[in-house]
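What follows is a short report on a single structure.
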Amino acid sequence: MSSIEVLPELKQIIGSLLFAAKKPLTAKEIRKVLTDAGAGYGGPYVQFAEIKEDEIIAAVAELTEELARSSTGLCIAEVAHGYRLQNEINCGPWVRTLLDKDHNARLSKPALETLAIVAYRQPILRSEIESVRGVAVDQVLRNLVEMQLVKVVARSDLPGRPWLFGTTQRFLEHFGLRALDEMPGMEELKRMEKPERTKTFPAMEKELELRAQEALTEDDDESGETEETD
């Protein structure tokens, strides 16, 4: 019997896609792959092209439970509005040793402080960041942009139309967040007056640092993007 006659289950296909993907995949993106494969290969593959997003979500939930029961050291995490196959957190020390992540994964304190300010006050001007930190942030901000953790989101209406900065989807992936609303203290921060916000930054920086360490992925490419920056 040819292997093509024994088609995999939906959860198997999803597992292979998450393994091969370089970024989290949404149910919509998974469905597009199924649709495109059906159109491209035809025959028995067409049946998967008719799969709906709610069926994909259900299959992901089933696969997540199976991974948890089987103790494979892998799990599926909901990150940046999508799904990511990654190592379990308690296996992190061995994975970091293999990938030499302990040396490369940590942001410097100035970078982490700047990133926390951008994350919680976005969109924000460079001058506003410097007002909070009390020092110039040109190089730190440039490094964060190069690491794809921060990006230019718009231009201000102020004279000269300076850039406004915000976080990226890569930021969510790096810290293991599904959305910005999951950031520690976000709800409390929204209720605060702006002058009071700086009081909470040290605790937020620590929480972000812990999340970054826990959100280690299997992607070797990340080692080049998470070097310590000043």
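When you scan the stretch 19-32, do you find a residue that is under 30 Å from Arg170 (Cβ atoms), surrounded by 14 or more Cβ atoms within 10 Å (Cβ to Cβ), in contact with a His (Cβ under 7 Å, 6 or more places away or on another chain) and not acidic (Asp, Glu), even just one? Steps first, please.
First, pick out the residues of the stretch 19-32 that are under 30 Å from Arg170 (Cβ atoms): 19-32.
If we keep only those that are surrounded by 14 or more Cβ atoms within 10 Å (Cβ to Cβ) as well, we get 21, 23-27, 29-31.
Filter once more, so that each one left must be in contact with a His (Cβ under 7 Å, 6 or more places away or on another chain): 26.
Among the residues that remain, those that are also not acidic (Asp, Glu) are: 26.
There is at least one residue in the stretch 19-32 that is under 30 Å from Arg170 (Cβ atoms), surrounded by 14 or more Cβ atoms within 10 Å (Cβ to Cβ), in contact with a His (Cβ under 7 Å, 6 or more places away or on another chain) and not acidic (Asp, Glu).
Only one of (1) crowded, with 19+ Cβ neighbours inside 10 Å; (2) in contact with a Ser or Thr (Cβ under 9 Å, 6 or more places away or on another chain) is not met by Phe165, so which one is it?
Phe165 satisfies all of (1) crowded, with 19+ Cβ neighbours inside 10 Å; (2) in contact with a Ser or Thr (Cβ under 9 Å, 6 or more places away or on another chain) except (2).
Kindly establish whether Ala59 is crowded, with 16+ Cβ neighbours inside 10 Å and either assigned to a strand (DSSP E or B) or at pLDDT below 90 (or both). Full working, then the answer.
Details: crowded, with 16+ Cβ neighbours inside 10 Å: yes; either assigned to a strand (DSSP E or B) or at pLDDT below 90 (or both): no.
No; evaluated as a whole, the condition is false for this residue.
Hey, can you tell me all the residues within the stretch 124-147 that are of a type in the set (A, V, I, L, M) and in contact (Cβ under 8 Å) with a residue 40 or more places away in the chain? So that I can check it myself, show each step before the final result.
Just the residues of the stretch 124-147 that are of a type in the set (A, V, I, L, M), to begin with: 124-125, 129, 132, 135-137, 140-141, 144-145, 147.
Correct list: Ile124, Leu125, Val132, Val140, Leu144, Met147.
As an exercise: evaluate Tyr41 against (1) in contact with a helix residue (DSSP H, G or I) (Cβ under 7 Å, 6 or more places away or on another chain); (2) over 27 Å from Gln169 (Cα atoms) and give the number of the one condition it does not meet.
Result: Tyr41 passes all but (1).
Return only the number of the condition from (1) buried (at least 17 other Cβ atoms within 10 Å of the Cβ); (2) under 22 Å from the mean Cα position of the chain (by Cα); (3) of a type outside the set (Lys, Arg) that Leu10 does not satisfy.
(2)
List pairs: first in the stretch 38-66 and not assigned by TED's automatic domain parsing to the domain that holds Ile76, second loosely packed, with under 13 Cβ neighbours inside 10 Å and of a type in the set (A, V, I, L, M), Cβ under 9 Å, 6+ apart or cross-chain?
none
Each row is one residue, and each column tells you yes or no for (1) more than 19 Å from Ala154 (Cβ to Cβ); (2) crowded, with 19+ Cβ neighbours inside 10 Å.
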| site | (1), (2) |
| --- | --- |
| Arg84 | yes, yes |
| Pro93 | yes, no |
| Pro123 | no, no |
| Gly134 | yes, no |
| Asn143 | yes, yes |
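Taking Arg170, is it modelled with pLDDT of 90 or more and not assigned by TED's automatic domain parsing to the domain that holds Leu25? Outline the logic, then answer.
Working: modelled with pLDDT of 90 or more: no; not assigned by TED's automatic domain parsing to the domain that holds Leu25: yes.
Taking the combined requirement at face value, the residue does not satisfy it.
Can you name every one of the helices (runs of 4 or more DSSP H) wholly within the stretch 71-161 that holds 1 or more residues which are more than 30 Å from Gly15 (Cβ to Cβ) and out of contact with any His (no Cβ under 6 Å at 6 or more places or on another chain)?
Details: elements: 92-99, 101-104, 109-121, 126-133, 138-146.
Those helices (runs of 4 or more DSSP H) span 101-104, 109-121, 126-133, 138-146.
The values are calculated or read from the model by the stated rules, or taken from the named source; none is laboratory data. In this text the structure is predicted, and so the values were computed from the model without any measurement. In this analysis, Cβ positions are derived from the backbone assuming ideal geometry, glycine residues included, and neighbour counts consider all displayed protein chains.
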